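Rule-based calculations on the coordinates, nothing more; no lab input. Note that this is a predicted model, so its numbers are computed, not measured. Quick reminder, even Gly has a Cβ in these numbers, built from the backbone with ideal geometry, and neighbours come from all protein chains shown.
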């Protein structure tokens with residue numbers, strides 16, 4: 001099942017509840033570099049849902065690169081987003097919602113919905 005933007009944002013914020021590096025987010029959320037840049041750097045950081053902090057002196061760390069490394073952490077507003085996302089997800093998966101959705105689809109196109 002394809003993931004939507006809200007699903008990807010929620011997974012990033014969930015992973016970042018504990019301080020994590022870029023690689024952790026990319027691996028656990030199954031994102032490539034382009035997706036990471038789009039969601040994290042262009043959406044979540046500017047909106048304040050995610051915080052980024054520089055890591056201290058990385059020169060003595062194995063695998064040190066010249067670029068400054070950051071760790072990411074979910075902001076307070078990010079926790080609020082996750083709460084609302086969970087409520088929306090529960091509503092969408094509720095039996096009442098599913099029955100109403102099927103009912104609306106049947107009214108719109110009854111021929112295609114006979115097999116449900």
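What's the FRET efficiency of residue 32 with residue 91 using the Cβ-Cβ distance as r and R₀ = 30 Å, to the nearest 0.05?
Efficiency, rounded to the nearest 0.05: 0.45.
Would you please put 14-23, 85-94 in order of how densely packed they are, using the mean number of other Cβ atoms within 10 angstrom per residue and starting with the highest?
14-23, 85-94
How many nm separate the modelled label positions at residue 42 and residue 71, each set 7 Å beyond the Cα in the direction of the Cβ?
2.8
Which ordering of 47, 11 is given by a fewest-first count of other beta-carbon atoms within 10 Å?
Lowest count first: 47, 11.
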